[in-house]
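> Got a structure here, written out as structure tokens. Questions coming.
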Amino acid sequence: MKKILLTCLAGLIISTSFAQQEIQFTQFMNNKLYYNPGVAGSSGSICLNAVHRTQWAGFENAPTTQNLNAEIPIKAIFGALSINITNDQIGFFQDIKFGLGYAFQLELANGKLGLGFSVDFINKGLDGGKWIPPDTDSDPFLGKFGSTTMTPELNFGAYYESTKFYVGISSKELLSALSEIDNNFGGVTAIKSERNYFIMGGYNWAIPNTSITLTPAAFLKTDLKGPLQADINVSALYNNKIWGGVSYRLQDAISLMAGYYIMPALRLSYSYDITTSAMRSASSGSHEVMLNYCFKIEIPPREKGYYRNPRFL
């Protein structure tokens, strides 16, 4: 039954010739660069992020996603470069994305304003080796297993961050590229990506006379066609060491999360989604594990003076 439900879901996506919603991460507050290229360089540090998500655990061949991204500030270009690599698998559909971006960082008031863009190269494919749905050969809308196609996409974002709060607005898949995958009838199956728009924000409140910083945050997602998706989160950091929080995703899930700073620059965090939608009857929830590592390379200034080699004294 689970396999049939997933087949129907995937078939509906491709038969209407529209792509699914943008990839969903519960820990959006720890992976802002994935959604907004303007984030690159805002911290002033080199940051590496790695995340693995298993969605709707309990479904056979349910969605799994891995994302690796990095931001590298470079003073000479007045901003930062970014890299985004993503593998997204749902049933027999697989998207592999490789993105390169740049963000211009401007000191503004008591924070930084970042304006960034990125270009993604997306490889879409159908993998018949993992799972074969029933009546494959009789479905004219389903692409041929093993076929792939490559398309480019463009993303843009603006992001402002200070010690007290952050806010960002961005859009992905601005080109709305059309991917064409060979089908079993000698033609092609067209999959059109949709522009997605995101608004995120959060506020850092250091509770007086404690070692706790409380951060309420929100994340809004829409493609202007389907219903608005919203994540509302409250997290707390204790003694700059232990991190935890809870989120609510409208009409979808309640999420519990926790994290620990293994070192001042390295954080490991985990979140678990408790499904509240109709999917709860077949899913045992979603899991997400994430690593964040940020560091700076300090180059000491050259000291004035001169150097004397004792061989020539």
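No value in this document is a laboratory result; all are computed from the given coordinates. All of these numbers come straight from a predicted model, not from anything done at the bench. Cβ sites come from the backbone with ideal geometry, for glycine too, and all protein chains shown count toward neighbours.
> Work out how far the C-alpha atoms of segment 156-313 reach from end to end along every principal axis, then list the three figures in whole Å, largest first.
Cα extents, longest axis first: 85, 54, 28 Å.
> By count of other Cβ within 10 Å, fewest leading, how are 193, 42 ordered? Kindly include the intermediate steps, with their values, before the conclusion.
On the way: 193 24, 42 28.
Least crowded to most crowded, the residues run 193, 42.
> Let me ask something else. Summing Lys, Arg as +1 and Asp, Glu as -1, what charge do residues with Cβ under 11 Å from the Cβ of residue 63 carry, residue 63 excluded?
Details: positive: 53; negative: 88, 95.
That works out to -1.
> Where the centroid of each part is defined by its Cα atoms, how far is segment 59-108 from segment 259-283 in Å?
20 Å
> What is the fewest-to-most order of 160, 272, 203 by other Cβ atoms lying within 10 Å of their Cβ?
Working: 160 20, 272 17, 203 13.
Going from sparsest to densest Cβ surroundings: 203, 272, 160.
> Okay, moving on. Going by how many other beta carbons lie within 10 Å of each one, how would you line up 46, 299, fewest first?
Details: 46 18, 299 6.
The most exposed by this proxy come first: 299, 46.
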